[in-house]
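S.K.: Okay, here's the structure, questions in a sec.
Please treat every number below as a calculation from the coordinates, not as lab data. Quantities reported herein were computed from a predicted structural model and do not represent experimental measurements. Please note: Cβ atoms are built from the backbone with ideal geometry, for glycine as well, and neighbour counts cover all protein chains shown.
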Amino acid sequence: MRSQQQLKELSPLERMIQQQVVERGIRDERVLGALRRVPRELFFPEDARKAAFADRAAPIGHGQTISQPYMVALMTHRLDVRQGQKVLEIGTGSGYQTAVLAELVGGGHVYSIERVKPLLDAAFERVLSLGYRNTHFRFGDGTVRWREQAPFDRVLITAGAPQVPRDLLMGHLKEGGLAILPVGPHDEQMLIEVRRERNELKTIDLGCPCRFVKLVGHEGWEPTDE
């Protein structure tokens, strides 16, 4: 563990990584490298960039949020993304998690869906301006199958579902594929890992309470519940 003086000498980004990620047990060098290469502050409005490295989720407009750094790191680590894989992200938001995934898949591809059009448009421009050409975006209900691209090696859902969305995951995951998502009531969920084994979904509770915006749509929450 670094001393307080050493931490003060670090850049805000590196200080965030050391204090909020490494010191909480995530030492996956591939994930840490991706966090270092993606300029998190660029995913915040100019007048809010001082909050980019804070240990909390932050609003990005339209009732949506960008997850705290630790949650991004934890979900990315547990997703175990590999070079060349095809990854589906449900809930583009600011595009920050999209960029982190794009770093990890290398020659693979990230497909991201967002139901709030202004957020999707802004994320699309932001991610492409940073040079991530292995990303693909779609506007719409993320719980409906992206038929022409399914199945995927990995699925990351950054919105809370009331229960495990079986149809969604069976329709998107390859045999042996892995998904990470929050599941539970709208005021608090638990992070879970789901692996597809033939026609079954094997789930593991990761023991991490969290609070995400709602997954709206088929197998999610009704839009009127927002």
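S.K.: Let me know the number of lysine pairs in the chain closer than 30 Å at the Cα, not counting same-chain pairs under 8 apart.
M.R.: Close lysine pairs found across the chain: 12.
S.K.: In addition: Against the longest alpha carbon principal axis of the chain, how many degrees, from 0 to 90 and to the nearest 10, is the axis of helix 96-105 turned?
M.R.: Orientation of helix 96-105: about 80 degrees from the principal axis.
S.K.: Also: Taking the highest mean first, how do the peptides 133-144, 78-89, 95-106 order by number of other beta carbon atoms within 10 angstrom per residue?
M.R.: Output ranking for 133-144, 78-89, 95-106: 95-106, 78-89, 133-144.
S.K.: On a 0 to 90 degree scale, rounded to 10, what angle separates helix 69-79 from the longest Cα axis of the chain?
M.R.: 50
S.K.: Can you tell me the FRET efficiency between PHE139 and CYS208 if r is taken as the Cβ-Cβ distance and R0 is 41 Å, rounded to the nearest 0.05? Spell out each step's value before the answer.
M.R.: Working: r = 30 Å, r/R0 = 0.73.
Plugging the Cβ-Cβ distance into 1/(1 + (r/R0)^6) gives 0.85.
S.K.: In addition: Provide the percentage of antiparallel DSSP beta bridges, counting only those with both residues in the stretch 56-162; round to the nearest 5.
M.R.: Rounded to the nearest five, the antiparallel share is 20 percent.
S.K.: Hey, another quick one. Residues with amide H under 5 Å of GLU89's amide H, sequence separation 5 or more or different chain, H placed in the peptide plane at 1.01 Å from N; which?
M.R.: Amide H neighbours of GLU89, under 5 Å, 5+ apart: TYR111, SER112, ILE113, LEU156.
S.K.: Right, another one. About its Cα centre, how strong a charge dipole does the stretch 129-176 have in debye, to the nearest 20, once Lys and Arg get +1 and Asp and Glu get -1 at the Cβ?
M.R.: 100
S.K.: Please list the non-local residues whose amide H lies under 5 Å from the amide H of LEU215, H modeled 1.01 Å from N, same-chain partners needing a gap of 5 or more.
M.R.: Answer set, sorted by chain and number: GLY160, ALA161, TRP221.
S.K.: Here's a follow-up. Rounded to the nearest 10 degrees, what's the angle between the helix 117-129 long axis and the longest principal axis of the chain, both from Cα atoms, 0 to 90?
M.R.: Here the helix axis deviates by roughly 60 degrees.
S.K.: Over the chain, consider all pairs of different Cα atoms and compute the Kirkwood hydrodynamic radius from their mean reciprocal separation; express it in Å, one decimal.
M.R.: One decimal place: 17.6 Å for the Kirkwood radius.
S.K.: Here's something else I'd like to know. Taking N as the number of residues in the stretch 162-226, what is its alpha-carbon radius of gyration divided by 2.2 N^0.38 Å?
M.R.: 1.12
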